[in-house]
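A short worksheet on the structure shown next.
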There are 2 protein chains.
Amino acid sequence: MISRDKHDRMANAIRFLSMDAVEKANSGHPGLPMGAADIATVLFTRFMSQDPKNPHWPDRDRFVLSAGHGSMLLYSLLYLLGYEDVTIDEIKNFRQLGACTAGHPEFGHAAGIETTTGPLGQGLANSVGMALAERILNARFGDDLVDHYTYVLAGDGCLMEGISQEALTLAGHLKLNKLIVLFDDNQISIDGAISLTDSTDQCARFAASGWNTMRADGHDPEAIAAAITAARESDKPTLIAFRTTIGFGAPTKSGTAKVHGSPLGKEEIAGARKALGWTAEPFVVPSDILDDWRLAGLRSTKERKAWEERLAGADAEMRGEFERRMRGDLPENFDAAIVEYKEKLAAEPPKVATRKSSEMALEVINACLPETIGGSADLTGSNNTRTSQTGPISAKDYSGRYVHYGIREHAMAAAMNGMTLHGGIIPYGGTFLTFSDYARPAMRLASLMRIRSIFVMTHDSIGLGEDGPTHQPVEHLAALRAIPNHYVFRPADAVETAECWQVAIASRETPSTLALSRQNLAPVRTAHEEDNLCARGAYELASSDDDAEVTLFATGSEVEIAVAAKALLDKAGHPARVVSVPCFELFEEQTADYRKAVIGNAPVRVAIEAGIRQGWDAIIGSDGVFIGMTGFGASAPAPALYQHFGITAEAAAGAAQKRLAKQA
Amino acid sequence: MISRDKHDRMANAIRFLSMDAVEKANSGHPGLPMGAADIATVLFTRFMSQDPKNPHWPDRDRFVLSAGHGSMLLYSLLYLLGYEDVTIDEIKNFRQLGACTAGHPEFGHAAGIETTTGPLGQGLANSVGMALAERILNARFGDDLVDHYTYVLAGDGCLMEGISQEALTLAGHLKLNKLIVLFDDNQISIDGAISLTDSTDQCARFAASGWNTMRADGHDPEAIAAAITAARESDKPTLIAFRTTIGFGAPTKSGTAKVHGSPLGKEEIAGARKALGWTAEPFVVPSDILDDWRLAGLRSTKERKAWEERLAGADAEMRGEFERRMRGDLPENFDAAIVEYKEKLAAEPPKVATRKSSEMALEVINACLPETIGGSADLTGSNNTRTSQTGPISAKDYSGRYVHYGIREHAMAAAMNGMTLHGGIIPYGGTFLTFSDYARPAMRLASLMRIRSIFVMTHDSIGLGEDGPTHQPVEHLAALRAIPNHYVFRPADAVETAECWQVAIASRETPSTLALSRQNLAPVRTAHEEDNLCARGAYELASSDDDAEVTLFATGSEVEIAVAAKALLDKAGHPARVVSVPCFELFEEQTADYRKAVIGNAPVRVAIEAGIRQGWDAIIGSDGVFIGMTGFGASAPAPALYQHFGITAEAAAGAAQKRLAKQA
């Protein structure tokens, strides 16, 4: 039992480390760490199962600081608890180049940072994915190996963002009762009092979607503990609205927006020291307090050891599988399964949409990889994301492998990130490519975090036809290719789709988007190749008999147009070759020699893609010929649109000939 | 009073037009029009103030079909009511190239389509903007001129999207009591029953944010009318959850997901004809029913005439101002005010961040244009979007000019679109550029709709410093430039910022994003020019004395780096010129001669921008030198980051010299 005095001093250690670090950096957010210090102290000293010396222990509780601007709260905790990455020097280097203590918590910078937060609402939605992953893995591996809580600290900002609604309704529906949201209900945002912008009763709102809700004083340790205890016993996810004072302890600024996002200043900090009775120098934690914190860091050691014993005693096959999945390794037979599948495709090349090819590839992948968890944002039949192996996951049965995410693209992507971060799962989820815009903030974070989330984006061009320009991606390939560390695949047929899926599954540090056609496509890869040609990003699909005068580059549904254009050009006496470009990013990663060879020396380069030109100049040059879109699409049957916008073999061949004539 | 039998037949006219059109197009969504036909019939025959012969009457009620996939509901209504654009031939041409009856309703295609919908939740959030615009204009022009309702038909999809939460909490907070949401509560989505994906009590959810809520039978005309009557009398916005049967009338498919998004098929339609007692041929509406609908179309003629009389009788100045604002024309003194302001800037060039320059420009604009309504997604002090003229808008007082949107980027952008669409307002709203991702689906729709919404996006690069890569846009300039019909401005100093604002305000058919720096920038335009140089997208900022060997292109905060690099190159004996590129899209619109002259003939072209290269090749060529980012940023003070990522005058000059040596 921690005395009130001891609790206060332990909480104040967080407060002063945070104040001091922000002051030294001359930048940062002291308000949240000071306001939420009591909640965090109770959580970490009495409830969290974790082990700073074994920070990746799979069955640890997860803590997500969704209000990521309060990063000093997390860094202070990690330092105090004894996580080795976060030394006092790193605290002093808060927000400096190369420090693991970045402005907002960044996954991968230090053990104990479970996800990258800062863009509001993301952490909350990640947590839904983590809590779901826990239940899914529990259903497979049992209570002995998987049985932990996910705690989220969220502020008003997180709860005002739309993604929070998608996340909470999903969690409520799936009854993720081991998810506990600690709401730092300080009634202040950047512009001022929350009453300036919102009148929502958050507890009523969460209750409307099946949550257990409570209110408690966020500065009373026993009230905090009682609330968390009750939350852990609920059969629903819990929101605890903790009434707190932002910047607690700051004599003149606490309780106001002034304390949110700027250093307090020397005088105010001096006042806080006085008010809270803190006499230690900046960055110094009195040794008795540090000892108590370090002791708290050890509180789950026994639990962790017992878990390890249970794992050691588990059925060898189950143990091996659990360990493989938590490492993120693929089963040994995976590559062979894909090759075997490609052989079948070559033998009988199907003329199907790539969204269908994707389903066929997933049928192979899901048979081979029990860790894939599929899903769709209410477009299952359109995205073709469900296979014979993937029964639905529901509140009554987590043993399925398919999440009906509902019409919640943003939370889907963020929850997928949470599952990936949790470990043991490779999630993929679908929507229409145009609605990648709805999911984009989470997709970006997958890239920044370097994690394996796989986005299945169908209906990838005007080729979707009648639904019209609201649903026709035009700029989305370019916009997604713009995100660093994100593979954007646009396969041309069933073989390429299988290859792109293979790379996506194998890419542990890069998320992937597969852009897939609604319309049927002619097969272009009809001879079997064991090698994954798509893994190089671009490759020569069809060579020319004589020296090529034209190289036609294309992706996805336009590759068959390029092949047809080549036939026209060949016939007209202008030998042409075709290069398929399923992934710009992988092509960029190749050697200069390979790139040069694939791009070739033909005097005319033509790119064909039913999207905008942006990005293509890197391949065809700024003087290359581009056959594609220059504006939004239109509502009409797909063939009419391809004609209308001039994305045809005739147009491509004609433009190439015109250019050849001009250059002659 | 319309008899029940008459009501049923009028509603069935909608149902059969919808079924027939979808069948003929062999594509589309019959389920919603059939399910919501009763609600729509009651609304349009008993409540809506509108005039098909004067469809742009400013004080008409607005109807938004947020569930835009049910477009045939709207097209049927417009045809039946007598809107001239939507003829029976257009109904027959549903979803065909060139028809105004696109797959999803598109603003500008036909009078009576108040906004483009389809991407779910957008219409609902547009409506919040429309209802807010109504209150704002009412506060200025009084009940005599502005006093109308905004009705929205929304489905489960709209309500599951996160944007709906942002929109409804904003509306509830602002007590937009003339906003009435008709929820087509059919309990079905594409994947199946809503119970598969959600357990939310929507009424409880809306009530938690200050809404009036009701439930009613969506197939009982009197219950529908009673609910709408009660809603109109509420002092809060109202949600009416109408329990309906999707595909009402389809004998075997109604009430299931099968009726949502595919043609019913001949047999099912025949069954529906039988079940509903409809004997007319496809696309034929019995003349008595058509007459009744046309009569309903005339029901507000008297009201419209009375309104016109009130307008004619109003104070001449007020009338003139009202009419000017509703036309979207600018006051005559606007351009002169900007020129005068630019003169002042030239006399005393300020060294400020462009976010500050933007505030200074807005101070001039807001003084001149009473129709601007500012706002920010809880970053007022960072976005610098508030000026001396813009007092807050609140539920108690709509006479202000500033919306505290809260942490709701997506609803902000969509509500801005709604205000623009309503007319009489030019909205601008701010957030950080990186969070344009959160607002992107609405920003895209502004572009597609060709409307004047202005997005103020500050903290536009690694130059924001310590907040780190989550907050540092790297790909966002490229990603926004990728959207067709969207001006992305990145001004370099106070003069350019004023010029970019001038273009944005004057661009009636193109939305704009202003990307603005957090950090202070040295003035680069110190001599006064009456012409708006930024209006041409790019221009020569600094020429070379001798033939230029190097042209340095740059935008925003990197223009001063380009100027410094020019000095280094000049000094090293390599004459260089500097081209500022505040807007790619405007530069693309210029004549080939102008573009050629600005790009120039210098053998080496260098672009400097603290973002990714994508898009720049069009200006510098794919062999041009690019100084910028290749991946995500980092958390550190801005100067350290510019050094770390090599975005400096030295790096630019060095790279240019290296390239010159190589080419020599």
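We did not get these values from a lab; they are worked out from the coordinates using the rules stated. Computed from a predicted model, the values in this text were never measured in an experiment. Every residue, glycine as well, gets a Cβ built from its backbone with ideal geometry; the counts of neighbours run over all protein chains shown.
Ordering A:Ile224, B:Ile620 by the number of other Cβ atoms within 10 Å of each residue's own Cβ, fewest first, gives B:Ile620, A:Ile224.
Percent antiparallel among DSSP beta bridges with both residues in the range B:4-304, to the nearest 5? Counting only bridges with both partners in the range B:4-304, antiparallel ones make up about 10 percent.
The reciprocal of the average 1/r between distinct C-alpha atoms defines the Kirkwood hydrodynamic radius, which for the range B:409-539 equals 15.0 Å. In this simple spin-label approximation, A:Ala572 and B:Lys266 carry label points 7 Å from Cα along the Cα→Cβ vector, and these lie 4.4 nm apart. Computed from Cα atoms, the angle from the helix A:31-42 axis to the main principal axis of chain A rounds to 70 degrees. The distance separating the Cα centre of the range B:1-42 from that of the range A:239-280 comes to 61 Å. Calculated FRET efficiency, A:Asp593 to A:Ser287, Cβ-Cβ distance, R0 = 60 Å: about 0.50 to the nearest 0.05. Note on A:Asn601 and A:Glu303: the model spin-label points, each 7 Å out from Cα along the C-beta direction, lie 6.8 nm apart.
Local charge for A:Thr354 was computed over the other residues whose Cβ lies under 13 Å away, with Lys and Arg +1 and Asp and Glu -1, and equals -1. Each other residue within a Cβ distance under 11 Å of B:Gly118 adds +1 if Lys or Arg and -1 if Asp or Glu, for a net charge of -2. Here chain B is assigned +1 on the Cβ of each Lys and Arg and -1 on the Cβ of each Asp and Glu. Its dipole about the Cα centre then comes out at about 900 debye. Residue-normalised convex hull volume from the C-alpha trace of the range B:251-372: 237 Å³ per residue. Expressed as an acute angle from 0 to 90° and rounded to the nearest 10, what is the orientation of the C-alpha long axis of helix B:4-25 relative to the principal long axis of chain B? The helix B:4-25 is inclined about 50 degrees to chain B. Quick check: the distance between the Cα centres of the range B:602-663 and the range B:110-152, to the nearest angstrom? For the range B:602-663 versus the range B:110-152, the Cα centre distance is 46 Å. For B:Lys351 and A:Glu509, the FRET efficiency from 1/(1 + (r/R0)^6), where r spans their Cβ atoms and R0 equals 41 Å, is about 0.45. Listed values for the range B:480-491 are Karplus-derived 3J(HN,Hα) couplings in whole Hz (6.51 cos²θ - 1.76 cosθ + 1.60, θ = phi - 60°), namely 6, 4, 5, 6, x, 6, 9, 7, 10, 9, 9, x, and x replaces Gly and Pro. Computed as a quarter of the hull surface, the mean projected area of the alpha carbon convex hull for the range B:83-163 stands at 6.7 nm².
For A:Lys253, the lysines whose Cα falls under 24 Å of its own Cα, not counting residues fewer than eight places away in the same chain, are A:Lys24, A:Lys92, A:Lys266, A:Lys274. Average 1/r across all pairs of distinct alpha carbons in the protein assembly as shown, invert it, and you get the Kirkwood radius: 32.0 Å. The mean sequence separation of alpha-carbon pairs under 8 Å and at least six residues apart, normalised by the residue count of the range A:4-304, gives a relative contact order of 25 percent. For GluC sites (Glu not before Pro), the sites in the range A:273-335 that DSSP calls loop and that have at most 16 other Cβ atoms within 10 Å are A:Glu332. Under a Cβ-Cβ cut-off of 15 Å, what is the net charge of the residues other than A:Thr244 that fall near it, where Lys and Arg count +1 and Asp and Glu count -1? Residues close to A:Thr244 contribute a combined charge of -3. Across all directions, the average projected area of the convex hull around the alpha carbons of chain A is 30.3 nm².
Across the range B:333-515, Cα pairs under 8 Å and at least six residues apart give a relative contact order of 23 percent.
Ellipticity at 222 nm from helices only: DSSP H runs of n ≥ 4 in chain B, each -39500 (n - 2.57), divided by the residue count, give -13000 deg cm²/dmol. Database remark: amide H of B:Ile2 closer than 5 angstrom to no amide H (H placed geometrically; neighbours at sequence offset of 5 or more, or on other chains; Pro and chain starts carry no H). Using only the Cα atoms of the range A:333-515, build the gyration tensor, take square roots of its eigenvalues as a ≥ b ≥ c, and label the shape rounded, prolate or oblate: rounded if a/c is under 1.5, else prolate if a/b is larger than b/c, else oblate. Note, shape of the range A:333-515 comes out rounded. Kindly identify the range B:4-304 as rounded, prolate or oblate by the Cα gyration tensor criterion: order the square roots of the eigenvalues as a ≥ b ≥ c, call it rounded if a/c is under 1.5, otherwise compare a/b with b/c, prolate if a/b is larger, else oblate. Oblate, since a/c reaches 1.5 and b/c is not below a/b. Beta-bridge orientation, the protein assembly as shown: approximately 10 percent antiparallel, per DSSP, counting only bridges with both partners inside. Relative contact order of chain A, please, whole-number percent, based on alpha carbon pairs below 8 angstrom and at least 6 residues apart. RCO, chain A: 12 percent.
Of all lysines in the structure, those lying under 21 Å Cα to Cα from B:Lys662, and not within fewer than 8 positions of it along the same chain, are A:Lys596, B:Lys566, B:Lys571.
Shielding of peptide B:182-192 by partners, expressed as the average count of other chain Cβ atoms within 10 Å per residue Cβ, is 3. Note on A:Ala275 and A:Ser199: with the Förster distance fixed at 22 Å, the Cβ-Cβ geometry gives a FRET efficiency of about 0.10.
Answer rounded, prolate or oblate for the range A:536-661, using the Cα gyration tensor with square roots of eigenvalues a ≥ b ≥ c: rounded when a/c is under 1.5, else prolate when a/b is larger than b/c, else oblate. It comes out oblate by the Cα gyration axes. Report, in degrees rounded to the nearest 10, the 0 to 90 angle that the Cα long axis of helix B:162-173 makes with the longest principal axis of chain B. Roughly 80 degrees between the two axes. Counting Cβ atoms of other protein chains within 10 Å of each Cβ in A:201-210 and taking the mean gives 5.
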